[in-house]
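Some notes on the structure that comes next.
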Amino acid sequence: MRWKYVVGAEYLHIDDISTVTATRTPTKANPSTGTVSPAAQKLTSWAAYGSLEYAVNEQLSLTGELRYTNDDKAFMANQFDFGTGVAAAGKLVNASFSPSNTSWDATARYKFSPEWMAYGKVGTGFRAGGFNSNLGTPNQPIPFRSATATRTRPRTKRGPRAT
């Protein structure tokens, strides 16, 4: 068979509410008994992908892959004093963003024998950003950005029926 293919899709929906309570012993310097941090997060993510492989001959095959990802993310959080219920200054977070990306991958494989194979791969990758729900220090990245990368991978494999 000269052609092989895979086509697919993914869908994820999360609607989450959480609360973090951190208690402490009050002191004269800081009479607070701790903090309560309620948060709500919503994520809707979908992706479509495909992979197509062509066997040029018994030894050589070429593969191309493509993936489109789309996310909608929203996050809301605040921090309150555990004892008094007063909102902490500078701790309110109400953010959303919608990262999307098209990534690809190309591979060439050559079988020298049933036990030896070499391949070269080049492609891109994507990690969607998100939210840091720890409302500790104000300089924490809320939200943190998406990241992309391009990678190359030349390799050889040896073993029974190297594929």
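Read-outs: derived from the displayed coordinates by stated rules, not from any lab. Computed from a predicted model, the values in this text were never measured in an experiment. Note that each Cβ is placed from the backbone with ideal geometry, even for glycine, and that neighbours are counted across all protein chains shown.
Karplus-derived 3J(HN,Hα) values for the stretch 76-90, using 6.51 cos²θ - 1.76 cosθ + 1.60 with θ = phi - 60°, are 9, 8, 8, 9, 10, 5, 4, x, 9, x, 6, 5, 6, 5, x Hz; glycine and proline are entered as x. Sketch the reach of a paramagnetic label on residue 4 as a point 7 Å from Cα along Cα-to-Cβ, and name the residues of the stretch 46-71 whose backbone nitrogen lies under 11 Å away. Zone members listed by number: 52-55, 61-63. Compute the FRET efficiency between residue 108 and residue 14 as 1/(1 + (r/R0)^6), taking r as their Cβ-Cβ distance and R0 = 35 Å, and round to the nearest 0.05. That gives a FRET efficiency of 0.35.
With N counted as the residues of the chain, its alpha-carbon radius of gyration over 2.2 N^0.38 Å works out to 1.61. The H on the amide N of residue 34, modeled in the peptide plane, is under 5 Å from the matching H of 24, 82, 83, each at least 5 residues off or on a different chain.
Applying a DSSP loop filter and a limit of 16 other Cβ atoms within 10 Å to the trypsin sites (Lys or Arg not before Pro) in the stretch 1-42 leaves 2, 24, 28.
Taking the centroid of alpha carbons for each part, the stretch 1-50 and the stretch 63-84 are 6 Å apart. Amide hydrogen proximity for residue 146: with H placed 1.01 Å from N in the peptide plane, the residues at 5 or more positions away or on another chain lying under 5 Å are 129. Site pair residue 62 and residue 145 shows an inter-label distance of 3.5 nm when each label is modelled 7 Å from Cα along Cα→Cβ.
Residue-wise HN-Hα couplings along the stretch 104-121, as the Karplus relation 6.51 cos²θ - 1.76 cosθ + 1.60 with θ = phi - 60° gives them from phi, are 9, 8, 10, 9, 10, 10, 10, 9, 6, 7, x, 9, 10, 9, 10, 8, x, 9 Hz; Gly and Pro carry x.
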